[in-house]
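Trainee: Supplied in structure tokens, the structure appears directly below.
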Amino acid sequence: MKGFQRIIFWSIVGTYLVILAGSIVRGTGSGLGCPDWPHCFGKWVPPMDISELPANYKEVYKIAGKTIADFDPFKTWTEYINRLLGVVLGIFIVILFGMSFKIKQYERNIPWFCGGLLFLIMIQGGVGALVVSTHLKPFLITIHMFLAILLLFGLLYLRKYCKDLEDTAIVQKVDSKGLLISRILVWTTFAQVLMGTQVRQQVDHYMRDLNSATHETIIGELGAIFYIHRSFSLVILGLFLYLLAYFHRTRFNRAAFFTALLAFMCVMGNIVTGITLNYFHFPANAQPPHLFFGVMTLGLLYSLSLHLRGTLLED
């Protein structure tokens with residue numbers, strides 16, 4: 001069981017890294033750094049210099065009838081590293097699925113659950129291929145993010161479930177009020193992250209597809225969802241302050257308080273990077289931490305809600 005839990009842990013770390021790498025790819029405009037899939041410019045290891053490509057490479061590797069941009073080794077390797085991390089994560093999930101049969105005596109449904117995670121990451125890989133082949137269709141990128149968060153939730157749930165299997169003698173007390181607030185925060189933060197991907201979709205649409213805006217004028221082009229997304233952060237901030245005050249007042253669960261505090265720090269990081277994006281013309285280096293702080297907040301909140309509901313073995 002210990003080895004199985006270690007693979008779960010590294011799968012969670014891998015999921016965070018893949019999400020971070022994906023946000024860097026999108027923030028730096030490196031999504032088409034590798035114009036084909038699963039190869040990159042027809043190779044398993046991409047080129048370092050334009051001299052390694054044919055003279056007509058723009059025509060050879062055009063996507064959806066559109067000629068690709070000039071070769072940029074930074075963007076190519078940024079996308080390639082993102083793919084490599086995805087492959088490593090996939091290997092972890094395959095190992096997890098294989099190991100699940102060895103611990104079937106603890107819980108017979110674990111192989112089914114791990115099989116579901118494996119199926120999910122296979123779909124994720126397929127969506128990733130579609131993102132490239134459709135010239136970075138924004139709604140597919142949003143689906144790509146949605147599936148990554150579902151995978152993260154599944155791994156966090158599996159980790160907590162396995163811990164409960166080992167601690168069957170310990171029945172945790174359920175904090176009903178704290179659980180309710182944390183669940184509300186999970187769903188509101190999830191909605192906030194998805195709204196953020198929609199805002200980014202609008203940014204891509206106006207700046208890349210229509211060429212009707214620049215970094216300086218993009219705010220004026222964005223629709224109502226941008227203002228809802230921006231204002232919604234105040235709702236989440238208020239809920240966090242209420243949750244922290246509740247934990248501090250009841251002194252029931254100090255571990256829960258510090259988990260919530262860590263999530264709150266991620267929210268503050270998210271707000272700071274959001275302000276930077278809003279008032280400094282969407283700088284590329286602020287986009288990856290903005291998304292990553294949001295996903296980190298989600299992961300911590302979901303772990304907190306699993307902790308507060310007590311044992312999962314009664315589900």
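Trainee: Taking the dipole about the Cα centre of the chain, with the C-beta of Lys and Arg at +1 and of Asp and Glu at -1, give me whichever of Trp112, Phe139, Val127 is farthest to the positive side.
Mentor: Comparing the listed Cα positions along the dipole, Trp112 ranks first.
Trainee: Given a Förster radius of 35 Å and the C-beta distance between Ile225 and Val60 as r, what FRET efficiency does 1/(1 + (r/R0)^6) yield to the nearest 0.05?
Mentor: It comes out at approximately 0.35.
Trainee: Rounded to the nearest 10 degrees, what's the angle between the helix 138-166 long axis and the longest principal axis of the chain, both from Cα atoms, 0 to 90?
Mentor: 30
Trainee: Show that you can apply the helix-only estimate: for the chain, add -39,500 (n - 2.57) for every DSSP H stretch of four or more residues, divide by all residues, and state [θ] at 222 nm to the nearest 500.
Mentor: Calculated at 222 nm, the ellipticity per residue is -24000 deg cm²/dmol.
Trainee: I'd like to know which of Leu165, Thr273, Pro288 lies farthest towards the positive end of the charge dipole of the chain, counting +1 on Cβ of Lys and Arg and -1 on Cβ of Asp and Glu.
Mentor: It is Leu165, whose Cα lies furthest towards the positive end.
Trainee: Taking a probe of 1.4 Å, how large is the accessible area per residue of the stretch 89-132, in Å²?
Mentor: Working: 2430 Å² over 44 residues.
For the stretch 89-132, the per-residue accessible area is 55 Å².
Trainee: Before anything else, pin down the relative contact order of the chain: Cα pairs under 8 Å, at least 6 apart, normalised by residue count, whole percent. The partial results should precede the final answer.
Mentor: Numbers: 349 pairs, mean separation 72.2, N = 315.
Once divided by the residue count of the chain, the mean separation gives 23 percent.
Trainee: If you don't mind, another one. Cα atoms only: what Rg and Dmax, in Å, come out for the chain?
Mentor: Here Rg and the maximum Cα pair distance are 21.4, 69 Å.
Trainee: Counting only GluC sites (Glu not before Pro) that sit in a DSSP loop (anything but H, G, I, E, B) with at most 16 other Cβ atoms within 10 Å, what is the longest stretch of the chain containing none of them? Display every interim value, and only then the final one.
Mentor: On the way: sites that count: Glu107, Glu216, Glu314.
Result, exposed sites excluded: 108-215.
Trainee: Taking the highest mean first, how do the peptides 87-95, 28-36 order by number of other beta carbon atoms within 10 angstrom per residue?
Mentor: 28-36, 87-95
Trainee: Right, here's the next one. Which of the trypsin sites (Lys or Arg not before Pro) found in the stretch 44-101 are loop residues per DSSP with 14 or fewer other Cβ atoms within 10 Å of their Cβ?
Mentor: Details: sites: Lys58, Lys62, Lys66, Lys75, Arg83; in loops: Lys62.
In loop regions of the stretch 44-101 (DSSP not H, G, I, E or B), the sparsely surrounded trypsin sites (Lys or Arg not before Pro) are Lys62.
Trainee: What is the extension gain from Ala255 to Ile95, computed as 0.36 nm multiplied by their sequence separation minus the C-alpha to C-alpha distance, in nm to one decimal? List each step's numbers first, then the result.
Mentor: On the way: separation 160, 0.36 × 160 = 57.60 nm, distance 3.10 nm.
Gain on extension, Ala255 to Ile95, equals 54.5 nm.
Trainee: Carbon and sulfur atoms: what percent of the 1.4 Å accessible area of the chain do they account for?
Mentor: Within the chain, the accessible surface is 68 percent carbon and sulfur.
Trainee: How far is helix 254-279 tilted, in degrees, relative to the longest principal axis of the Cα atoms in the chain, given as a value from 0 to 90 rounded to the nearest 10?
Mentor: With both axes taken from Cα atoms, the answer is about 20 degrees.
Trainee: Using only Cα atoms and rounding to the nearest 10 degrees, what angle (0 to 90) does helix 224-250 make with the longest principal axis of the chain?
Mentor: The helix 224-250 is inclined about 20 degrees to the chain.
The values are calculated or read from the model by the stated rules, or taken from the named source; none is laboratory data. Everything numeric in this text was worked out from a predicted model, so none of it was measured. Cβ coordinates were reconstructed from backbone atoms using ideal geometry, including for glycine residues, and neighbour counts include every protein chain displayed. We work out accessible area using only protein heavy atoms, side chains counted, and drop any ligands, DNA or RNA first. Shrake-Rupley method; radii C 1.70, N 1.55, O 1.52, S 1.80 Å.
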